[in-house]
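Here the structure comes first, spelled out in structure tokens, and everything after it is commentary.
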Amino acid sequence: MSASDAAALLEARRADHYRTAIVLGSGLGALADIVDDAVRVPFQDIPGFPVSGVSSHAGAVVLGRLANLPVVLLAGRAHYYEHGDARVMATPIAALAALGCTHLILTNAAGSLRPDMPPGSLMTITDHINYSGLNPLIGQTGDDRFVDMSAAYDAGLRQRIARQAERLEIPLQEGVYMWFSGPSFETPAEIRMARTLGADAVGMSTVPECILARHQGLTVAAVSSITNFGAGMTGGTLSHHETKTVAQSGAAAFMALITGLCGDLADDPA
Ligand code: HPA
């Protein structure tokens, strides 16, 4: 079954003029609960969609409206570390494009590398470092696999997010996100390396989805919810439990920011 079949299956459940899709990261799934007129389709009902095993990732497509904008939410994503397959999100992202989506907002939980960006912060991603060495386009044929990544995270969408943050008085940082494969967290030495290489945050997702989305011609923005300082920065230890609980405690500001962005896109389509 192809991505266009998956799109047709979703459209049959709830048709609308979808242009905006949002991927919800760890602890950020509550956004799916405030979608108006929502229809939820579990990943396992959609051929080609992965079934995620991470406890905080629900694994469903939620179709509906946020701030009157038609939206497609991927409530839960699959990660490279679950399947050992960097292409694990290829069908869902191709299905979003087949549904008519032109914009993809990626979200994640991430570790901070900056002392001035503590847990609880929100950060828009300006650029990424693909430290994993993996690429979801390996094995693709044709010249369009050579995707330009010079402006992978759209400046216009970033500006819109910054404007909403200002309007809502939500502090917002900007920075470079570095992808580690996971699932083990980084070592303190790796965190020192990441800081030296110019990263502001580290995480285990987002980069393959950004590459797949750019390959599909989608405009991408990404927001990280900072849940901890990188390993070795505080003397404490790291856990997925902390990732989930800190992301959940910052979810209200995150939800307000993304809903504000949706309202802005509804009033003035990008
Ligand atoms: N490292 C990698 N991924 C993460 C982290 C981290 O410190 N925090 C949340 N996701």
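Calculated mean residue ellipticity, 222 nm, the chain: -9500 deg cm²/dmol, from DSSP H runs (n ≥ 4) at -39500 (n - 2.57) each, averaged per residue and rounded to 500. The relative contact order of the chain comes to 26 percent, based on Cα pairs under 8 Å that sit 6 or more residues apart. Against the empirical curve 2.2 N^0.38 Å, the C-alpha radius of gyration of the chain lands at a ratio of 0.93. Relative contact order, whole percent, for the range 140-270 stands at 32, derived from Cα pairs under 8 Å and 6 or more residues apart. Each of GLU11, GLU186, GLU166 was scored by other Cβ atoms within 10 Å of its Cβ. Listed from fewest to most, they are GLU166, GLU11, GLU186. Coupling constants for the range 98-109 follow from the phi torsions by the Karplus curve (6.51 cos²θ - 1.76 cosθ + 1.60, θ = phi - 60°), and in residue order they are 5, 6, x, 5, 10, 10, 10, 9, 9, 10, 7, 9 Hz; glycine and proline get x. Close amide H pairs (under 5 Å, H built 1.01 Å from N) link ILE129 with TYR177, MET178, TRP179, residues at least 5 positions away or on another chain.
If you average the C-alpha positions of the range 200-270 and of the range 78-151 separately, how far apart do those two centres end up, in angstrom? Each part reduced to its Cα centre gives a spacing of 11 Å. The dipole here belongs to the range 1-127: it is taken about the Cα centre, uses +1 on the Cβ of Lys and Arg and -1 on the Cβ of Asp and Glu, and is about 40 debye. Most mobile of MET255, MET123, MET204 per a Gaussian network model of the chain (Cα springs, under 10 Å)? Among MET255, MET123, MET204, the largest mean-square fluctuation in the Gaussian network model of the chain belongs to MET255. Comparing SER112, SER150, SER181 in a Gaussian network model of the chain where C-alpha atoms under 10 Å apart are linked, the largest mean-square fluctuation is found at SER150. Normalising by the residue count of the range 111-214, find the relative contact order in percent from Cα pairs under 8 Å and 6+ residues apart. This gives 44 percent for the range 111-214.
Rank ALA162, GLY250, LEU197 by how far each Cα sits towards the positive end of the charge dipole of the range 162-270 (+1 on Lys, Arg Cβ; -1 on Asp, Glu Cβ) and give me just the farthest. Checking the options against the dipole of the range 162-270, the answer is LEU197.
We did not get these values from a lab; they are worked out from the coordinates using the rules stated. Predicted model, so just to flag it, every value in this text is computed and none were measured. All Cβ positions, glycine included, derive from the backbone under ideal geometry; neighbour counts span all protein chains shown.
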